Structure formats: C-alpha cells, structure tokens
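The values are calculated or read from the model by the stated rules, or taken from the named source; none is laboratory data. Everything numeric here is computed off the predicted structure, so don't read it as measured data. Virtual Cβ from ideal backbone geometry, glycine too; neighbours counted across all protein chains shown. Each accessible area value is taken on the protein alone, full model and side chains, heavy atoms only, with ligands, DNA and RNA left out. Shrake-Rupley method; radii C 1.70, N 1.55, O 1.52, S 1.80 Å.
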Amino acid sequence: MKIAIANDHTAVDMKNELVKYLTDKGYEVINFGTDTYESFDYAISGEKAANAVAGGEADRGIAICGTGIGIGLACNKVNGIRACMCSEPYSAKYTRLHNDANMVTFGARVIGIEMAKMIVDIFLETEFEGGRHQRRVDQIMDIERRNSGK
Ligand code: RB5
C-alpha cells in the first residue's frame, strides 16, 4: 500500500518517526511534507498529498499540522478526498468503517507519537463496511459534485 504523507513545520519530527514506522512495516511512503523547522504553510503540503490520493498515486494519506485542522481543511478542498481528523483510535476505526475516509489528519501539538502510531495502524488496516454507509458516502460526494465549479 502506498501512503502519501503531508506536514508543516510543527510536525517534522512526528512525520519522520511515522515514515520510519510505516516503512519498517512494508508500506511505501511518499513524502509531500516539509523537512525543516522553518515556517511552512500547511495548505501547500496538504494539497500535494491530497492530489496524490485523489489521483491514485497513493492509496491513502496522512496529514499532520499543529492541530490537524488546517491541513485537513486544505486536503478536503481536493475533489475525491475525505480527510478526517482523528485524535484517538475509535474515530480512526469508524472513519474507515463508516465514512470510507481516504486521508487521516491529526495534530502534532495535540497527540503524542505512540497515539499517532495507533491511529495510523487502525486507519490503514480497517476496511470500509459498505452497505448503508455507501449510500451516505455517496450523498457526501454528491454534495461535492453539485457544488464544484462554484
Ligand atoms: C501553525 O502555527 C499552525 O497554525 C498549524 O500547524 C495548524 O495547527 C493549523 O491548523
């Protein structure tokens, strides 16, 4: 599985630890984040990773900023992206089971690296449940279709 990863300057250390963690597990990680502590605007990195996921270059995405909020907002502006902020494993599990999220976001200033690893593991290992949830995801994506270009 190929993973696109995005981050701003607040999340360089967390990104680096996750890249190593995921690479050791056999995932291919494509790094769209900054690698320095110099101030870096999260939307730039988030859009690149989101485009990789939406375009099929990556299967899933991980986006990290200070809170996980700004970068998630940016990712969700790319058509086809369902980026969900998860600060604990329960949400990470259900955003896959019920929302078919293709990107997960969290805050490097909010959670620690061990929690981030648990979230990422569950996010990458859980399959979408389909069924009635497919209808609901279709409704979300239909909102995007109806409003794109405005
Ligand atoms: C950067 O200071 C911070 O605003 C950013 O990392 C993020 O938390 C925005 O949502």
Set of lysines near Lys20 by C-alpha distance (under 21 Å), chain-local residues within fewer than 8 positions excluded: Lys2, Lys48, Lys117
Highest average packing first - 39-47, 26-34, Cβ atoms within 10 Å: 39-47, 26-34
Proximal aspartates and glutamates relative to Lys77, as straight alpha-carbon distance under 19 Å, when same-chain residues fewer than 8 apart are discounted: Asp8, Asp41, Glu47, Glu57, Asp59, Asp100, Asp138, Asp142, Glu144
At least 24 Å along the helix axis (C-alpha) and Kyte average at least 1.6, DSSP helices within the chain: none
For segment 83-150, alpha-carbon Rg relative to the globular expectation (2.2 N^0.38 Å, N residues): 1.24
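If I stretch the segment between Met115 and Asp142 completely, what's the gain in nm (0.36 nm per residue apart, minus their alpha carbon distance), one decimal? Intermediate results must be reported in sequence, preceding the final value.
On the way: separation 27, 0.36 × 27 = 9.72 nm, distance 3.33 nm.
Result: 6.4 nm gained on full extension.
Answer rounded, prolate or oblate for segment 40-116, using the Cα gyration tensor with square roots of eigenvalues a ≥ b ≥ c: rounded when a/c is under 1.5, else prolate when a/b is larger than b/c, else oblate. Don't jump to the answer; show the numbers that get you there.
On the way: a/c = 1.97, a/b = 1.14, b/c = 1.73.
Note, shape of segment 40-116 comes out oblate.
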Cα extents of segment 1-88 along the three principal axes, largest first (Å): 30, 29, 24
The chain: Rg to Rh, with Rh as the Kirkwood radius over Cα pairs: 0.95
Euclidean distance between Cα centres, segment 91-145 to segment 1-41, Å: 18 Å
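Ignoring any ligand, DNA or RNA, what whole percent of the accessible area of segment 1-91 comes from carbon and sulfur when the probe is 1.4 angstrom?
Values: 2190 of 4280 Å².
That share works out to 51 percent.
What FRET efficiency would be calculated for the residue pair Asp24, Ile44, taking the C-beta separation as r and a Förster radius of 35 Å, to the nearest 0.05?
Numbers: r = 28 Å, r/R0 = 0.80.
The calculated FRET efficiency here is 0.80.
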